[in-house]
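The values are calculated or read from the model by the stated rules, or taken from the named source; none is laboratory data. All values derive from a computational prediction rather than experimental measurement. Positions of Cβ are backbone-derived with ideal geometry, glycine not excepted, and every protein chain shown enters the neighbour counts. Note: areas computed on protein heavy atoms with side chains; ligands, DNA, RNA excluded. Shrake-Rupley method; radii C 1.70, N 1.55, O 1.52, S 1.80 Å.
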Amino acid sequence: MRQAGRSLPEYKAIRGEGTILHAIQDPERAAEITLQPVRRYGVDAAILFSDIVTPVFAVGFGIDITPGVGPTCEQPFASAADLDRIRPLEPDDLWFQTETVGRLAEELTIPLIGFAGGPFTLASYMIEGKPSRDYAKVKSLMMGDPDLWHELCDRLADLAIGTLTNQVENGASAIQLFDSWAGALRPEHYRDYVLPHSTKILSAMDELGVPKIHFGITTGELLDQIAAAGADVVGVDWRTRLADARKRTGGRVALQGNLDPALLLAPWNVLQTEVRRVLDDNGGHPGHIFNLGHGVLPQVDPEQLLRVVELVHAEGRTDGPFDETTPLGTAAG
Ligand code: 1CP
């Protein structure tokens, strides 16, 4: 999830001035920021320090990340002429990502998760020009000019395939497709306007042979389609119980989630009850990756996250109790 390391003092010490897009172009720093939450928390996988807009930025569309706001575009995507601003990725465009992933593959003893943004979420920033609550411009372009919408998403799918392939070829051992805001759509609109593009991305990953995680928030009504897009693992936020998510996905996929991240701010006795509730909901099923239902809030006390990891390791493993001598990442759970 986004921002696991953002509340850490060691992150603030090396993050530097400027936007995050500046920081990720410094492979030594980006690799170190990726490793910080791994060292601190002893989690079972690392997620690359990057952002979903990286490939859109790398081909020169004109997108930035404004601190405290999120992705912004001075000239949002509005017409067919703007397609010219989304050229295909060339090998050198992602040189910094190649180098960061390569360094991490050498240092990590646990899996590295590479990631990309899903078509709806990326298109939403490009069309709205900033984070949105109602997605009014996105939906009006999507339904008012479906041909343009599909052409835009096709190009975004190619960018996602390019960045994911680059990450896997350089050492990432799983990928995650974040279509965080796709839950804003009705199921039939998701099916017609988004699913074909997510399916294209995930099926292009088949030949790379790595596990594929697919996630969006408020996607309780879309979980069957998110699974059908070709995921091995479906991320579930906190609104849907794991037992229900398992029914909706037909038991064909593993699940990831589903602790409400806001509860990291609650007293430990409350938080620990909620962690156990997620584990109980899973009911010992082997196909569960414990995670938050969305990103870590910046004001979270790192001690709370550490306690959660320790509790999950002590009680959540389906292959027996956590053994300190087992290298992280080799045990299922
Ligand atoms: O936290 C980490 O280091 C992990 C790396 C990571 C990931 C996996 C970052 C760094 N971003 C992401 C993915 C990402 N980016 C998603 C998908 C996951 C999710 O839903 O959280 C999304 C939707 C974004 C877009 C984005 N980038 C936002 C959200 C804006 C909105 O619409 O509300 C924000 C705030 C960013 C900036 C960003 N990306 C990452 C960090 C650490 C930050 C904050 C840095 C800053 O403000 O300077």
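A few points about this structure:
- Antiparallel content of DSSP bridges confined to the chain, in %, to 5: 10
- Highest-fluctuation residue, Arg39, Arg29, Arg248 considered, GNM on the chain with Cα pairs under 10 Å: Arg39
- If a spin label sat at a point 7 angstrom from the Cα of Leu297 along the line to its beta carbon, no backbone N atom of segment 208-244 would be nearer than 12 Å.
- Proximal lysines to Lys247, defined as alpha-carbon separation beneath 26 angstrom and excluding residues fewer than eight positions away on the same chain: Lys200, Lys212
- Full extension of the chain segment joining Ser79 with Glu221 gains 48.0 nm, where the gain is 0.36 nm per residue of separation less the Cα-Cα distance.
- Backbone HN-Hα couplings from phi across segment 268-283 [Karplus 6.51/-1.76/1.60, Hz, Gly and Pro as x]: 4, 5, 6, 4, 5, 4, 6, 4, 5, 4, 5, 5, 5, 4, 6, x
- Under 5 Å between amide hydrogens, built in the peptide plane, is the criterion, and for Phe49 it picks out Thr34 among residues at least 5 positions away or on other chains.
- Taking every C-alpha pair closer than 8 Å and separated by at least 6 residues, the mean separation divided by the residue count of segment 74-189 gives a relative contact order of 42 percent.
- Within a Gaussian network of the chain (alpha carbon springs, distance under 10 Å), most fluctuating of His214, His197, His285: His285
- Full extension of the chain between Glu169 and Ser140 yields a length gain of 6.7 nm, computed as 0.36 nm times the residue separation minus the alpha carbon distance.
- Computed over the chain: relative contact order in percent, which uses C-alpha pairs under 8 Å that are six or more apart: 16
- Highest average packing first - 293-303, 114-124, 51-61, Cβ atoms within 10 Å: 114-124, 51-61, 293-303
- Rounded to the nearest 500, the 222 nm mean residue ellipticity of the chain from helices alone is -13000 deg cm²/dmol, with -39,500 (n - 2.57) taken per DSSP H run of at least 4 residues.
- Using a probe radius of 1.4 angstrom, the carbon and sulfur fraction of the accessible surface of the chain is 51%.
- Candidates Asp145, Asp192, Asp84, ranked by Gaussian network fluctuation over the chain, Cα under 10 Å, top entry: Asp84
- The residues of the chain expose on average 43 square angstrom of accessible surface per residue, using a 1.4 Å probe on protein heavy atoms.
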